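A short write-up of the structure that comes next.
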Amino acid sequence: MPNRLSTFKGQFKGGTRPNRFEVSLPFPNGGVNTVLCRAASLPSSDITPIPVGFRGRILKVPGDRVYAPWTFTVIDEGGAGGVWQKLHNWSNLINNHATNNYGALDQNDATNFPDWTVKHLANDGSNPIKTMTLKHCWPSSVGPVELNAGVTDQLVEFSCTVEYEHFELQATNSGGGNQGFDANGNGIPDSIEL
């Protein structure tokens, strides 16, 4: 970190904004929706350590990579074509409560467990600077739609938690801010499969 303000100002490229993002969710039998999300994130992954004891000391060896469930918040559109209804329909296809039938969807059919995309956009909102593709998604929790007769100045929204196998990250150097590349364009590879 530079210790002079002038050095910092010369290195600072403006950063990026957390409110510039786009989420695309393909649904089984329902096309692709670019969803009106109020909040989302690029999910985390952790490599869990395996502690190995040796003569009173602990050696930490890298273990399995674990992908955290992904949660996002959606502004409800309402109606039969809304995201909340589509997520519930999908959950019903995965495990129907009335028939207790698991497996109505073929696990090997990519259209049943599609890839979802989260894009972090440049400051002008035009180009993605990071694109994360969540592979083989399915909803594990569809949150409630909270109703309240006393609320007059809010939109209805709900949260959803998604499980996925892994993610793939693609970073680009388009748009404002330093996206992890140096002046020669060296840095983050174009695509990383994780």
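The values are calculated or read from the model by the stated rules, or taken from the named source; none is laboratory data. Since we're looking at a predicted model, the values are computed, not measured. In this analysis, Cβ positions are derived from the backbone assuming ideal geometry, glycine residues included, and neighbour counts consider all displayed protein chains. Please note that ligands, DNA and RNA were not included when accessible areas were found on the heavy atoms of the full protein model with its side chains. Shrake-Rupley method; radii C 1.70, N 1.55, O 1.52, S 1.80 Å.
Residue-by-condition table, conditions (1) among the charged types (D, E, K, R); (2) open to solvent by less than 60 Å² (accessible area, probe 1.4 Å); (3) within 22 Å of His120 (Cβ to Cβ); (4) within 13 Å of the chain's Cα centre (by Cα):
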residue: Ser45; (1), (2), (3), (4): no, yes, yes, yes
residue: Pro49; (1), (2), (3), (4): no, no, no, no
residue: Arg55; (1), (2), (3), (4): yes, no, no, no
residue: Leu59; (1), (2), (3), (4): no, no, no, no
residue: Ala68; (1), (2), (3), (4): no, yes, yes, yes
residue: Ile75; (1), (2), (3), (4): no, yes, yes, no
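Just one of Asn95, Asn101 is under 26 Å from Phe158 (Cα atoms) and modelled with pLDDT under 85; which is it? Full working, then the answer.
Numbers: Asn101 fails: under 26 Å from Phe158 (Cα atoms).
Only one candidate passes the filter, namely Asn95.
Screening Ser6 against (1) of a type in the set (Gly, Ala, Ser); (2) within 26 Å of Phe167 (Cβ to Cβ); (3) open to solvent by 70 Å² or more (accessible area, probe 1.4 Å) leaves a single unmet condition, (2). The residue that is nearest to Thr172 (Cα to Cα), among those in region 96-128 that are touching a Ser or Thr at 6+ places or on another chain (Cβ under 6 Å) and surrounded by 17 or more Cβ atoms within 10 Å (Cβ to Cβ), is Lys119.
Determine whether Arg17 is of a type in the set (D, E, K, R) and farther than 24 Å from Gln170 by Cα. Spelling it out, it is not the case that Arg17 is of a type in the set (D, E, K, R) and farther than 24 Å from Gln170 by Cα.
Candidates are the residues of region 145-194 that are among the small types (Gly, Ala, Ser) and surrounded by 14 or more Cβ atoms within 10 Å (Cβ to Cβ); the one that is modelled with the highest pLDDT is Ser159. Within the bounds of region 9-26, is there any residue that is in contact with a helix residue (DSSP H, G or I) (Cβ under 9 Å, 6 or more places away or on another chain) and free of Cβ contacts under 8 Å to residues at least 24 places away in the same chain? The answer is no, given that none of the residues of region 9-26 is in contact with a helix residue (DSSP H, G or I) (Cβ under 9 Å, 6 or more places away or on another chain) and free of Cβ contacts under 8 Å to residues at least 24 places away in the same chain.
One line per residue, one yes/no per condition, for (1) out of contact with any Pro (no Cβ under 9 Å at 6 or more places or on another chain); (2) of a type in the set (Ser, Thr, Tyr); (3) closer than 16 Å to Leu25 by Cα:
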{"site": "Thr48", "(1), (2), (3)": "no, yes, no"}
{"site": "Val52", "(1), (2), (3)": "yes, no, no"}
{"site": "Leu59", "(1), (2), (3)": "no, no, no"}
{"site": "Val83", "(1), (2), (3)": "yes, no, yes"}
{"site": "Ala98", "(1), (2), (3)": "yes, no, no"}
{"site": "Gly125", "(1), (2), (3)": "yes, no, no"}
{"site": "Lys130", "(1), (2), (3)": "yes, no, no"}
{"site": "Pro139", "(1), (2), (3)": "yes, no, yes"}
{"site": "Asp153", "(1), (2), (3)": "yes, no, no"}
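Of everything in region 27-40 that is in contact with a Pro (Cβ under 9 Å, 6 or more places away or on another chain) and touching a residue at least 40 places away in the same chain (Cβ under 8 Å), the residue that is surrounded by the most Cβ atoms within 10 Å (Cβ to Cβ) is Phe27. Taking Leu155, is it more than 25 Å from Ser44 (Cα to Cα) and among the hydrophobic types (A, V, I, L, M, F, W, C)? Spelling it out, Leu155 is indeed more than 25 Å from Ser44 (Cα to Cα) and among the hydrophobic types (A, V, I, L, M, F, W, C).
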